[in-house]
1. Could you please find all residues in the range 35-44 being within 23 Å of residue 76 (Cβ to Cβ) and either touching a residue at least 24 places away in the same chain (Cβ under 8 Å) or loosely packed, with under 12 Cβ neighbours inside 10 Å (or both)?
2. So, restricting to helices (runs of 4 or more DSSP H) that lie completely within the range 60-165, which ones have at least 1 residues that are farther than 29 Å from residue 23 by Cα?
3. Please determine whether any residue of the range 192-206 is in a helix (DSSP H, G or I), modelled with pLDDT of 95 or more and under 18 Å from the mean Cα position of the chain (by Cα).
4. Among the candidates 113, 122, single out the residue that is surrounded by fewer than 24 Cβ atoms within 10 Å (Cβ to Cβ) and touching a strand residue (DSSP E or B) at 6+ places or on another chain (Cβ under 8 Å).
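The values are calculated or read from the model by the stated rules, or taken from the named source; none is laboratory data. The model shown is predicted, which means the values in this text are computed figures rather than measured ones. Cβ sites come from the backbone with ideal geometry, for glycine too, and all protein chains shown count toward neighbours.
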């Protein structure tokens, strides 16, 4: 009887763990130390929940590798929860506008605790969204995602600089950020539908390519 109860509890615990592991957005807020500040650095800042530089660099390199496989280039910006830059890299061919636009995408994801695509979709339904959000320094361009591990936000990533002609159904700024996060951290919830593409697509057509301002 006692053994049966123990096994039952163990099974329930495993089921609960599996449920939490469905995406990195799920969990109890306990972040594995490999992703965040630890040791002397964490003690100095009294901060044990901010993304560390190693994880930020791995995200950047993963996204850059994806860009190279698509004969493309990107800007990658990773912020900590305070909005400070942990890692920023621009590949050859990217300029000031692309860098600043990408920083804004990361900040938007951080401040809203959601993908910047959420505001892009909102802008389709309410064209005043872009103007309203710009007053807060936020953007309605896709490409910004919060970085969440086991239910705890540890930072945000922004990806930009992909020319529209190089985007397709499987490669774009938001998808590059998503794929890098899944490689380095774990599975994410599905990306939001692209309302702008759905609105502009001809009857019977559709797709994700071409979203966003040129080269941002």
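1. If the condition is that a residue be within 23 Å of residue 76 (Cβ to Cβ) and either touching a residue at least 24 places away in the same chain (Cβ under 8 Å) or loosely packed, with under 12 Cβ neighbours inside 10 Å (or both), then 35, 36 are the ones that fit.
2. Values: elements: 96-112, 116-125, 129-134.
Qualifying helices (runs of 4 or more DSSP H): 96-112, 129-134.
3. Taking every residue of the range 192-206 in turn, none turns out to be in a helix (DSSP H, G or I), modelled with pLDDT of 95 or more and under 18 Å from the mean Cα position of the chain (by Cα).
4. Just one listed residue meets the conditions, 113.
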